[in-house]
Structures are given as C-alpha cells and as structure tokens.
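Written below as structure tokens is the structure these notes are about.
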Amino acid sequence: DIVMTQTPVSLSVTPGQPASISCKSTQSLLHSDGKTHLSWYLQRPGQPPQLLIYEVSNRFSGVPDSFSGSGSGTDFTLKISRVEAGDVGVYYCMQTVQVPLTLGQGTRLEIK
Amino acid sequence: EVQVVESGGGLVQPGRSLRLSCTTSGFTFGGYAMSWFRQAPGKGLEWVGFIRSKTYGETTEYAASVKGRFTISRDDSQTIAYLQMNSLKTEDTAVYYCARYDTYWFDPWGQGTLVTVSS
C-alpha cells in the first residue's frame, strides 16, 4: 500500500500570511497515463470534505487562486498564499494511482 | 446542481447488518464510478471502496479492513449507490460519506450518515 505522510500535523497562521502543507508518498504517483494522481481536500469544521486541487496542480472550479498545488513523483505541496478565516479546517492529500486509495492523516489549519 | 445524499445510518449491534444508500441527482449517474469513505469519531478520512460504471463492468474495489464484509452496488435506473455492511464491528463506527469518482478525484461529497455499532 502507498503510505501518504503529511506535515505539519497542525499549523496556526495569522490572517494574510502564507501557509504550506507537505505531502509525501512512499511510491511515485505518476500513472501510466502520464498524469500524477494526487488531489487535495479541505474539510471545514462540521462539513464533508471538498475538492481543492486535482492532478497535483489543477484548481477545482470555484477554488480561490490563493490555493496552489505543486510537486511530482513522491513529493507534493499545497500552498495558500494569503490565509483567510474561511480556510480553517483539516487538509488531506489523497493518492488515486493505485488501490487501495490512501489519504494523508490530515493537517489542521487554525487562525492565530 | 450535482448532489449526493447519504441515508440509512443508525445504531446497530455488533455482528448485525446495515445498508446505506447514496441518492444522487444532477449528473449522468451511469457514467461515473461511485465511492464510499468513512471517518471514525475524531479521526481522519478512510477510503472504504468504490464501484466502477457499467462501462467498466461495475467492478468493485475495497479496503482490506472491510473486504469480505462490505459490498458496494449500484442501481443506475434509480441513480443510487449502496453500501451493504455485514458482520459489523465496533470499529466500523463512523460517519460514512458517499462521493462521485470523477476521473481520478472525488466531487461532490455528501453530508454523511452516522453509523454507530454498539451493544
């Protein structure tokens, strides 16, 4: 199984400041189709998860451009250029290159 | 509007069965795989399994923790996906989410339904 490891486990950010979350996988997430199947989700308090980023760096419809994803192979990063109050919640990375699908343990973002 | 809504959760005794439903609307259900996830109280998300579309034989994949006990099925005429859970254990207690599997990502997700396994 591919293990997904996120760091940090939690972070506290002042509004307007940037934030960065790392996600590392134990195997390459590059698929034979030439795409890398790594996506990011945000679960706001009391809400279901919502898709932010797919295929490493593609922002989903309606996601602010303050969110960006990057990386390749086994090393990925989600960045928020300017954190807002509405960004509070738990962020998860997920790999869908191989069954069983696996997620990181989550990174909790709070506002200072 | 694309929507998925879970139902069927509740309190069940260990060893018993429960069937969850994922009712969908707003998209061509038959063209998509559908997946289930769960989240134990205070824990992270866990993938449970998914069912491919008819085009791909409606084949299924499961997490090791539920394989042999849980079965995912679908009714394209009713645009509903199901999660049949047998031989339930206390560690199956969780909020269960249904999500549309779009290419290689998941959107949308339902609000979830709580399953509590306890005597």
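Looking at B:Leu114, B:Leu83, B:Leu20, which is the one that is of a type in the set (A, V, I, L, M) and surrounded by fewer than 20 Cβ atoms within 10 Å (Cβ to Cβ)?
B:Leu114
Quick check: anything in region A:96-107 over 12 Å from the mean Cα position of the chain (by Cα) and assigned to a strand (DSSP E or B)? Even if it seems obvious, please write down each step before you answer.
Residues of region A:96-107 over 12 Å from the mean Cα position of the chain (by Cα): A:96-102.
Subset that is assigned to a strand (DSSP E or B): A:102.
Checked against the condition, which is being over 12 Å from the mean Cα position of the chain (by Cα) and assigned to a strand (DSSP E or B), region A:96-107 yields at least one hit.
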What is the number of the single condition among (1) in a strand (DSSP E or B); (2) farther than 30 Å from B:Ser77 by Cβ; (3) free of Cβ contacts under 8 Å to residues at least 60 places away in the same chain that B:Leu11 does not meet? (3)
Which of the numbered conditions does A:Ala85 fail, given that it passes all the others? Conditions: (1) free of Cβ contacts under 8 Å to residues at least 12 places away in the same chain; (2) more than 21 Å from A:Ile2 (Cα to Cα). (1)
How many of the residues making up region A:54-68 are under 18 Å from A:Leu103 (Cα atoms), within 9 Å of another protein chain (Cβ to nearest Cβ) and either in a loop (DSSP other than H, G, I, E, B) or in contact (Cβ under 8 Å) with a residue 24 or more places away in the chain (or both)? 1
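Would you confirm, using the coordinates I've provided, whether B:Ala63 is among the aliphatic types (A, V, I, L, M), without any contact (Cβ under 8 Å) to a residue 24 or more places away in the chain and open to solvent by less than 60 Å² (accessible area, probe 1.4 Å)? Before you say what the answer is, go through the steps one by one.
On the way: among the aliphatic types (A, V, I, L, M): yes; without any contact (Cβ under 8 Å) to a residue 24 or more places away in the chain: yes; open to solvent by less than 60 Å² (accessible area, probe 1.4 Å): yes.
Yes, satisfied.
Could you tell me whether A:Gly73 is open to solvent by less than 50 Å² (accessible area, probe 1.4 Å), away from every other protein chain (no Cβ under 14 Å) and touching a Ser or Thr at 6+ places or on another chain (Cβ under 9 Å)?
On the way: open to solvent by less than 50 Å² (accessible area, probe 1.4 Å): yes; away from every other protein chain (no Cβ under 14 Å): yes; touching a Ser or Thr at 6+ places or on another chain (Cβ under 9 Å): yes.
Judged against the criteria, A:Gly73 is a match.
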Can you name every residue in region A:87-104 that is open to solvent by 40 Å² or more (accessible area, probe 1.4 Å) and either closer than 13 Å to A:Lys24 by Cβ or more than 9 Å from chain B (Cβ to nearest Cβ) (or both)? A:Val88, A:Gln98
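The values are calculated or read from the model by the stated rules, or taken from the named source; none is laboratory data. It should be emphasised that the depicted structure is a prediction, and the values quoted were computed from it without experimental measurement. Glycine also receives a Cβ, built like all others from the backbone with ideal geometry; neighbour counts cover every protein chain displayed. These area figures cover heavy atoms from the full protein model, side chains too; ligands, DNA and RNA do not enter into them. Shrake-Rupley method; radii C 1.70, N 1.55, O 1.52, S 1.80 Å.
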